[in-house]
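Reading through the structure tokens given below for one structure.
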Amino acid sequence: MELVTPDIGLVFWTTICFVILLFILGKFAWKPILAAVHERENSIESALLKAEAMKEEMARMTSENENLLKQARSERDSILSEARKVKEQIINDAKEAANAEGSKMIEKARIEINSQKAIAMADVKNQVASLSLEIAEKVLRKQFEDAGKQDALVAELLKEVKL
């Protein structure tokens with residue numbers, strides 16, 4: 001029971017020890033502890049400020065990245081659209097050139113056919129004319145001889161003629 005009802009000497013010496021401990025702690029420990037706590041508080045506050053600044057920077061960079069991505073997509077779309085237009089223009093130009101070249105070739109072939117036809121017709125006319133002259137010459141020679149022989153000769157000559 002001595003602890004529950006302590007003696008005055010015990011209270012006195014306990015109080016003296018506590019005051020000495022408080023003085024020693026106040027002189028040597030609390031200032032460094034409080035300085036460390038303040039330093040830690042300041043470093044935590046600066047770290048929080050840095051984290052907030054980094055968060056804002058990250059949000060800004062994310063926004064910039066999204067804008068850059070939108071720009072890149074729109075540029076890609078415009079480049080693809082331009083490429084499609086150029087492709088279609090090249091195809092149309094090639095078709096027009098092919099059609100024009102085909103028309104020229106057809107016209108050249110038509111002209112060539114007509115010229116060959118005209119040459120062939122002229123040749124046929126020349127042959128018919130020479131044959132007609134030969135027949136007429138032979139008919140006239142034979143005409144002076146006998147009329148029956150002349151008719152037989154004309155028939156014979158007509159059988160020989162191949163058109």
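Test residue 122 against the criterion of being surrounded by 10 or more Cβ atoms within 10 Å (Cβ to Cβ), at pLDDT below 95 and more than 60 Å from the chain's Cα centre (by Cα), and give yes or no. Judged against the criteria, residue 122 is a match.
Among the candidates 150, 127, 143, the residue that is modelled with pLDDT of 85 or more, of a type outside the set (Gly, Ala, Ser), surrounded by 12 or more Cβ atoms within 10 Å (Cβ to Cβ) and more than 60 Å from the chain's Cα centre (by Cα) is uniquely 127.
Taking segment 1-31 as the range and being part of a helix (DSSP H, G or I) and surrounded by fewer than 10 Cβ atoms within 10 Å (Cβ to Cβ) as the test, the residues that pass are 8, 9, 27.
The values are calculated or read from the model by the stated rules, or taken from the named source; none is laboratory data. These numbers were taken from a predicted model, which means no experiment stands behind them. FYI the Cβ positions are ideal-geometry reconstructions off the backbone, even for glycines, and counts take in every protein chain you see.
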